[in-house]
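Step one of this worksheet: look at the structure below.
Nothing in this text is a laboratory measurement; each read-out follows from the coordinates by a stated rule. Remember, predicted model here, so these are calculated numbers, not experimental data. Neighbour counts are summed over all protein chains in view; Cβ atoms, including those assigned to glycine, are modelled from backbone coordinates with ideal geometry.
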Amino acid sequence: MALLPILEFPDPRLRTRAESVQSVDARIQKLVDDMFETMYDAPGIGLAASQVDVHERVIVMDISEDQSAARVFINPEIKIIDEALGAYDEGCLSVPGFYETVQRPSIVEVTALDRDGGIFTELLDGLTSICLQHEIDHLEGKLFVDYLSPLKRQRIRSKLVKDQKRRT
C-alpha cells in the first residue's frame, strides 16, 4: 500500500468529473487499499478518488472511531429518500483546517459496487449519508466550499493558497 498525495483547494484538478469504473480489477482494489491508507493517515472519514488525482468513481469511508467500519462505494448512485435537510459541520481533506455548516438531505438510498465488484443497495442516514453525499460531490467536481457564500469561499481560498506557498 502507498500514501497518495491529496489535492488541495483551489487545485483545478478537483473540478474534474470522475468517470465510471469499467471493471473492478486488481488495479481498482489497489487504489482502494491506497485510498484507505491515505485517508486513515490524514486522518479523515471519507476520501474520493478525485481527491488523489484519480478521476474514477471510487469512494472509501470509515466513520468509526477505531477504523473498524471500512466501506467502499464504486460507481455510487444515490436517491434522496427524505427531502428534509439537515445542517452538518463539514470538513474536507482537500480543504484542510476549515469546517463549515452545509445542509444536505439526511436520508438517501445508495446503489454501488463493493471492493469485489458486487452490487449492493443500502439506506443511509445521519453521518454516513452526509459523508457519502460529500464524497459523491467530489466525483462530480464539486467541493463543500461551493455551498458557502462567495466571500467565505474566497477567504478560504486565499488562506489555503498562502499556506501552500509557504510550504513550497
Which net charge results for the neighbourhood of residue 151, defined as the other residues with beta-carbon distances under 14 angstrom from its beta-carbon, given Lys and Arg at +1 and Asp and Glu at -1?
+3
Of the peptides 6-14, 129-137, how do they stack up when ordered by the mean number of other Cβ atoms within 10 Å, highest first?
129-137, 6-14
Sorting 12, 60, 92 by the position of each Cα along the dipole of the chain (Lys, Arg +1; Asp, Glu -1; all at Cβ), the one nearest the positive end of that ordering is 12
So what's the gap between the Cα centers of region 87-145 and region 1-72, to the nearest angstrom?
13 Å
Under the rule a/c < 1.5 gives rounded, and otherwise a/b versus b/c splits prolate from oblate, where does region 1-54 land using the Cα gyration tensor?
oblate
Which aspartates and glutamates have a Cα lying under 17 Å from the Cα of residue 152, excluding residues fewer than 8 positions away in the same chain?
8, 89, 90, 100, 163
Dipole size in debye (nearest 20) for region 1-133 around its Cα centre, Lys and Arg Cβ +1, Asp and Glu Cβ -1?
400 debye
